[in-house]
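Okay, structure first, notes after.
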Amino acid sequence: MSKIKEFPFSRAHRVTNQELEIARKAIEAKLGIKRHTRGRPPKGLDKYEPIQIRLHPKALHWAKLEAKHRGIGYQTVINQALLTAAT
């Protein structure tokens, strides 16, 4: 198979949820770490209020760099900084 067009799609089957879960568990067992879940995290007991805010470009740039460094969202970084300053 040198080209994608040559793949026999007619013989391929869809991966079931059970097969997907087995594959995920195998990856976790092989790597020894729990896989990161995708999508929006659950809000839990804290309710967040949707707002619009204008930030200085330097402040936003800092938040995005910090978020990339920590591996989290930049809005979470801003929220954590504000909560730290509020307490």
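The values are calculated or read from the model by the stated rules, or taken from the named source; none is laboratory data. These figures come from a predicted structure and were not determined experimentally. Every residue, glycine among them, receives a Cβ derived from its backbone with ideal geometry; neighbour counts consider all protein chains shown.
Residues in the range 65-78 that are surrounded by 14 or more Cβ atoms within 10 Å (Cβ to Cβ) and either outside any loop (DSSP other than H, G, I, E, B) or in contact with a Phe, Trp or Tyr (Cβ under 8 Å, 6 or more places away or on another chain) (or both): Glu66, Ala67, Tyr74, Thr76, Val77, Ile78.
Scan the range 19-40 and tell me whether some residue there is surrounded by 10 or more Cβ atoms within 10 Å (Cβ to Cβ), of a type in the set (Gly, Ala, Ser) and without any contact (Cβ under 8 Å) to a residue 24 or more places away in the chain. Checked against the condition, which is being surrounded by 10 or more Cβ atoms within 10 Å (Cβ to Cβ), of a type in the set (Gly, Ala, Ser) and without any contact (Cβ under 8 Å) to a residue 24 or more places away in the chain, the range 19-40 yields at least one hit. Restricting to the range 40-65, and then to whatever is modelled with pLDDT of 95 or more and basic (Lys, Arg), can you tell me which residue is nearest to Val77 (Cα to Cα)? Per the stated criteria, the residue is Lys64.
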